[in-house]
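Comments concern the structure below.
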Amino acid sequence: MSDEDRKRSLQYLMFLKKKSSGQIKGRGCADGRKQRKYTPKEDASSPTVAIESVMLTSVIDAKEGRDVATVDIPGAFMQVDQEDLVQIEKGKKVLYVQLKKALYGTLKAALLFWRKLTAKIEEWGFVINPYNWCVAKKMINGKQCTIIWHVDDLKISHVDPKVNTQVISLINDEFGQEAPLTVTRGKIHEYLGMTLDFSSPGKVRVIMKDYVQGMLDEIPDDMDGIATTPAPRHIFEVNETNPVKLDEDKS
């Protein structure tokens, strides 16, 4: 390895996360911050579903009485080949490894997976929305089937539950061979931090109480209390001892 390769090598990190179900999930990822120095933003930014698309498609799902399914693809990034040379260093005695797959934390991982998923969705006959590249539709049995997705979290809807089952089967054949998909069917779905409740005919309720409560439970103690302004405290701190005069052009 050259000195330049060592400088560009990324650290490997491990995290434990408690899911809403109570399960403890381990996640290995790369610290991809070094890649920002030499990776243009336009080469690493992945499209994601717009919040407006989530809301509007959910309203359509409710109004048309569609069957709704949500799907989580396991180990999504590890199902995509890495395009660039990316090396990982691990431990005090450094072991360098070259990535073959798009590891979570590398800047291009989400984009590489989006490309693969989008290509498959188009291969299945869906048309990508030109205004939001994470929304796709296809007419099946005279009715529209809609897929929206944020990285590896998908929402699928059609008036016929059998159509959703067929679409899920296509996804499973392509992305569910290493580990089973997490599939939710029915009237209530946990999706992107929101609870989408289709229990009332023709209506959808969007609830985020659990998400907000989880955020409140995890915030640091020094954030507790009442704030007179949303601005951080350091903005109002004045350096009285050794103030530095700002350059006139910059100020």
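Laboratory data are not the source of any read-out in this text; all were calculated from the coordinates shown. This is a predicted model, so every value here is computed, not measured. Positions of Cβ are generated from backbone atoms using ideal geometry, with glycine treated the same way; all protein chains shown enter the neighbour counts.
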3J(HN,Hα) from dihedral phi, the stretch 204-218, Karplus parametrisation 6.51/-1.76/1.60, rounded to Hz, x for glycine, proline: 10, 9, 10, 10, 10, 4, 5, 5, 5, 5, x, 5, 5, 5, 9
Proximal charge balance of residue 140 [Cβ under 14 Å; K/R count +1, D/E count -1]: +2
So how compact is the stretch 107-228: Cα radius of gyration and Dmax in angstrom? 17.9, 57
Can you give me the P(r) profile for the stretch 109-149? Cα pairs, bins 5 angstrom wide beginning at 0, each as a whole percent. 6, 25, 32, 23, 10, 3, 2, 0
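Quick check: net charge around residue 72, other residues with Cβ under 15 Å of its Cβ, Lys/Arg +1 and Asp/Glu -1? Walk me through the numbers on the way to the answer.
Values: positive: 17, 19, 25, 27, 155, 185; negative: 152, 153, 174, 178, 190.
That works out to +1.
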Bin all alpha-carbon pair distances of the stretch 130-170 at 5 Å intervals from 0 and give each bin's fraction as a whole percent. 6, 23, 32, 24, 12, 3
List the residues whose amide H sits under 5 Å from the amide H of residue 44, counting only those 5 or more places along or on another chain, with H placed 1.01 Å from N in the peptide plane. none
Filter the GluC sites (Glu not before Pro) in the stretch 164-251 down to the DSSP loop ones having no more than 15 other Cβ atoms within 10 Å, then list what survives. 178, 237, 240, 248
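Using a 10 Å Cβ count of at most 11 others and DSSP loop calls, identify the longest part of the chain lacking such chymotrypsin sites (Phe, Trp or Tyr not before Pro).
That gives 132-251 as the longest site-free run.
Highest mean first, how do 165-173, 65-73 rank when packing is the count of other Cβ atoms within 10 Å averaged over residues? Walk me through the intermediate numbers first.
Details: 165-173: 15.6, 65-73: 20.0.
Per-residue mean Cβ counts within 10 Å order the peptides as 65-73, 165-173.
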Here, the chain modelled as identical Cα point scatterers in vacuum has Debye log10 I(q)/I(0) at q = 0.18 Å⁻¹ of -1.38
Give me, ordered by chain and number, the residues 5 or more places off residue 68 or on other chains with an amide H under 5 Å from its own placed amide H. 186
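Taking the square root of 5 times each eigenvalue of the Cα gyration tensor, what semi-axes in Å does the equivalent ellipsoid of the stretch 22-84 have, largest first? List each step's numbers first, then the result.
Details: eigenvalues 209, 72, 25 Å².
They are 32, 19, 11 Å, listed from largest to smallest.
Order of 223-230, 57-64 by packing, highest average Cβ count within 10 Å first? It would help to have the intermediate numbers written out before the result.
Numbers: 223-230: 6.6, 57-64: 17.8.
Result, highest mean Cβ count within 10 Å first: 57-64, 223-230.
Tell me the net charge near residue 193. Cut-off is 12 Å between Cβ atoms, residue 193 excluded, with +1 for each Lys or Arg and -1 for each Asp or Glu. It would help to have the intermediate numbers written out before the result.
Values: positive: 209; negative: 153, 190, 210.
Neighbourhood net charge equals -2.
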